[in-house]
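> Submitted below is the structure of interest, expressed as structure tokens.
The values are calculated or read from the model by the stated rules, or taken from the named source; none is laboratory data. Source: prediction; values computed, not measured. With ideal geometry, Cβ positions are generated from the backbone for all residues, glycine too; neighbour counts draw on all protein chains shown. Side chains included, ligands, DNA and RNA excluded: accessible areas come from the protein's heavy atoms. Shrake-Rupley method; radii C 1.70, N 1.55, O 1.52, S 1.80 Å.
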Amino acid sequence: MRRRDPTTGFTLVELLVVVSILVLLVAILVPSLRKAKDLARRTACASNLHQIGMALRMYLGDNNDVMPVATPFGGMPPPGDDGPPEIPDIATALKPYLSKNVSDQDAVFHCPADVPGKTHREGPLHGRSFYETDGTSYAYNFFLSGNKMYEIVRKDRVVRYFGGQVTEEEIWVMRDVVAFHGKAGAPGAANYLYIDGHVSDLAR
């Protein structure tokens, strides 16, 4: 039986087999790693909304259970108002109820999946994230603005907005500005914070 000379290297066929196996392994692992990274971002985003929910509870405790009067997000004026905003944005209203560390306060309002260039935006906003331009990756449900917490479910405009009678578990307070985590409308594409404090997909 002929034995291989220990000083000789791999044959071309052997090298091609090894390379093929490595390419196959990479093709299998890369999508899994991407999914794991996306899931980690979505989980961190949900954690941010949960912290915002706790800050909202403290805000309500200091303000007679009246929901913040604030713009939906960033410097955006409230619906129907084309002029400059005269009320604070939701991040400014809630930050005092978060960590005293300013950088930590800012981080809570930044969804890790809200990265520059990910969302198509026009004009001077092109290539910029919502966090960069508005100071938050999350939008506030302006229809709840100024309402007492326990009265919200009975408000006519809230019932009309949601298309019927709802409970606190079904009314969202904050959400991702856009579907940061997948195709709009797909399960898991966007996180929502509900009045009762839980974070999940849009339930209604």
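> Can you give me the angle between helix 12-62 and the longest principal axis of the chain, using Cα atoms only, in degrees from 0 to 90, rounded to the nearest 10?
10 degrees
> If you don't mind, another one. Mind giving me the FRET efficiency for Ser200 and Arg121? R0 is 25 Å, r the Cβ-Cβ distance, nearest 0.05 is fine. Spell out each step's value before the answer.
Values: r = 27 Å, r/R0 = 1.07.
According to the calculation, E is roughly 0.40.
> Moving on to the next point. Can you check what the Kirkwood hydrodynamic radius comes to for the chain, Cα pairs only, in Å to one decimal?
Values: mean 1/r = 0.0509 Å⁻¹.
About 19.6 Å for the chain.
> Using the C-alpha gyration tensor of the stretch 80-193, what are the square roots of 5 times its eigenvalues, in whole angstrom, with the largest one first? Kindly include the intermediate steps, with their values, before the conclusion.
On the way: eigenvalues 128, 70, 49 Å².
Each semi-axis is √(5λ); the values are 25, 19, 16 Å.
> Which residues does a label at Asp62 reach in the stretch 125-162, if reach means a backbone N under 19 Å from a point 7 Å past the Cα toward the Cβ?
Under cut-off, by backbone N: 145-149.
> List every residue whose amide H lies under 5 Å from the amide H of Asp89, counting only residues 5 or more places away in sequence or on a different chain, with H placed 1.01 Å from N in the peptide plane.
The list, which skips near neighbours in sequence, is Thr71.
> Same structure, new question: Skipping prolines and chain starts, which residues have an amide H placed within reach, meaning under 5 Å, of the one on Tyr138, given they are 5 or more residues away or on another chain?
Val177
> For a distance above 13 Å, tell me the whole-number percent of Cα pairs in the stretch 21-75 that qualify.
Numbers: 1088 of 1485 pairs.
Tail of P(r) above 13 Å: 73 percent of Cα pairs.
> So, in nm, how far is label Asp156 from label Glu170 when the simple model puts each one 7 Å beyond its Cα toward the Cβ?
About 2.0 nm separates the two model spin labels.
> I've got another one for you. If ligands, DNA and RNA are left out, what is the accessible area of Tyr192 with a 1.4 Å probe, given in Å² to the nearest 10?
30 Å²
> Return one whole number: the accessible area per residue of the chain in Å², for a 1.4 Å probe.
Values: 12150 Å² over 204 residues.
Heavy-atom accessible area per residue stands at 60 Å².
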